[in-house]
Amino acid sequence: MKVIAINGSPHKSGNTAAALTRVTQRIEKEGIETKLVQVGHWPLRGCMACGACKKIGRCALGDDAFHGLMDEMAAADGLLFGAPVYYASIASGMKAFMDRAFYSTGARFRHKVGGSVAVLRRSGGIATFNQLNNYLSISEMFIAPSQYWTIAHGAAPGEVLEDGEGLEIMDALGANMAYLIKLIELGRGKIEEPPVLKKTRTNFIR
Ligand SMILES: Cc1cc2nc3c(=O)[nH]c(=O)nc-3n(C[C@H](O)[C@H](O)[C@H](O)COP(=O)(O)O)c2cc1C
């Protein structure tokens with residue numbers, strides 16, 4: 001069992017990395033392997049809406065690192081996403097990553113356990129947390145809960161470690177992600193997984 005954690009910050013050792021590490025430490029304590037991958041420093045451009053991924057099954061813009069990560073994520077049992085908050089929203093590099101990852105590969109993330117973490121100095125956390133969860137819910141991922149919304153505060157690198165409540169919230173997310181992953185693993189082959197149901201696109205209410 002494995003969880004891939006995505007750090008959407010351009011800072012390798014910043015607050016997002018620290019908050020995600022707190023979650024992954026808890027997941028590992030529960031006996032599940034984790035891997036933290038930083039994408040926030042990649043020169044990512046946004047989705048071009050070219051639609052090529054629907055034909056070739058992968059993002060036309062992606063390089064080997066992007067495609068390799070999509071395969072790793074598709075093989076994992078759980079996915080954890082961490083974004084720094086920029087202008088009360090997902091930082092743009094991470095937004096580009098999320099748009100392209102989920103548009104091209106989201107169908108392969110179905111029924112995985114997911115978690116979202118927003119990291120910020122002061123304001124915009126709940127909006128960013130909700131934005132991250134939108135990718136998970138539309139992909140039929142199982143969003144793991146915590147004891148509060150998974151948002152942690154800090155500005156200077158590492159300052160998030162002074163947010164004691166934030167760290168407890170990360171611990172609870174890690175514990176719940178691990179629990180859900182184990183439950184799904186226990187049920188595999190015993191409880192029938194619901195198939196992908198009919199999905200009609202009406203674009204607007206007629
Ligand atoms: C361009 C930019 C915009 C930011 N906008 C916000 C914001 O809207 N709200 C906020 O609370 N913090 C904001 N911040 C602060 C970061 O969210 C904060 O420093 C966070 O800890 C960065 O995470 P990192 O260390 O993982 O990069 C902004 C930072 C930058 C560079």
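The values are calculated or read from the model by the stated rules, or taken from the named source; none is laboratory data. None of the values given here were measured: they were computed from a predicted structure. Using ideal geometry, Cβ is built from the backbone for each residue, glycine included, and neighbour counts are taken over all protein chains shown. Just the protein is used for accessible areas: all its heavy atoms, side chains included, with ligands, DNA and RNA removed. Shrake-Rupley method; radii C 1.70, N 1.55, O 1.52, S 1.80 Å.
Summary table below
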quantity	calculated
Filter result (out of contact with any Phe, Trp or Tyr (no Cβ under 6 Å at 6 or more places or on another chain) and open to solvent by less than 10 Å² (accessible area, probe 1.4 Å)) within region 6-39	Asn7, Gly8, Ser9, Gly14, Thr16, Ala17, Ala19, Leu20, Val23, Ile27, Ile32
Set Met94, Met141, Met73: member being in contact (Cβ under 8 Å) with a residue 40 or more places away in the chain, surrounded by 14 or more Cβ atoms within 10 Å (Cβ to Cβ) and within 16 Å of the ligand (Cβ to nearest atom)	Met94
Qualifying residues in region 165-185 (those that are in contact (Cβ under 8 Å) with a residue 40 or more places away in the chain and open to solvent by 70 Å² or more (accessible area, probe 1.4 Å)) - the one nearest to the ligand (Cβ to nearest atom)	Tyr179
Selection count, region 151-164, where residues are β-branched (Val, Ile, Thr) and either at positive phi or in contact (Cβ under 8 Å) with a residue 40 or more places away in the chain (or both)	1
Region 149-164 - residue that is farther than 14 Å from Pro84 by Cα and touching a Gly at 6+ places or on another chain (Cβ under 9 Å) and, of those, surrounded by the fewest Cβ atoms within 10 Å (Cβ to Cβ)	Glu162
Flag for Ala65 being surrounded by fewer than 18 Cβ atoms within 10 Å (Cβ to Cβ), aliphatic (A, V, I, L, M) and within 24 Å of Glu140 (Cα to Cα)	no
Whichever residue in region 97-138 is among the aliphatic types (A, V, I, L, M) and either within 13 Å of the ligand (Cβ to nearest atom) or open to solvent by 50 Å² or more (accessible area, probe 1.4 Å) (or both) and, among such residues, is farthest from Gly57 (Cα to Cα)	Leu120
Single residue of region 7-26 satisfying the filter (of a type in the set (A, V, I, L, M, F, W, C) and out of contact with any helix residue (DSSP H, G or I) (no Cβ under 7 Å at 6 or more places or on another chain)) that is nearest to Phe109 (Cα to Cα)	Leu20
Some residue of region 104-115 being within 22 Å of Leu44 (Cα to Cα) and part of a loop (DSSP other than H, G, I, E, B)	no
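Here's the yes/no breakdown for (1) out of contact with any Gly (no Cβ under 9 Å at 6 or more places or on another chain); (2) away from the ligand (no atom under 16 Å from the Cβ); (3) under 25 Å from Gly158 (Cα atoms); (4) assigned to a loop (DSSP other than H, G, I, E, B):
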residue: Ile4; (1), (2), (3), (4): no, yes, yes, no
residue: His11; (1), (2), (3), (4): no, no, yes, yes
residue: Leu20; (1), (2), (3), (4): no, no, yes, no
residue: Arg26; (1), (2), (3), (4): no, yes, yes, no
residue: Thr34; (1), (2), (3), (4): no, yes, yes, no
residue: His41; (1), (2), (3), (4): no, no, yes, yes
residue: Ala49; (1), (2), (3), (4): yes, yes, no, yes
residue: Lys54; (1), (2), (3), (4): yes, yes, no, no
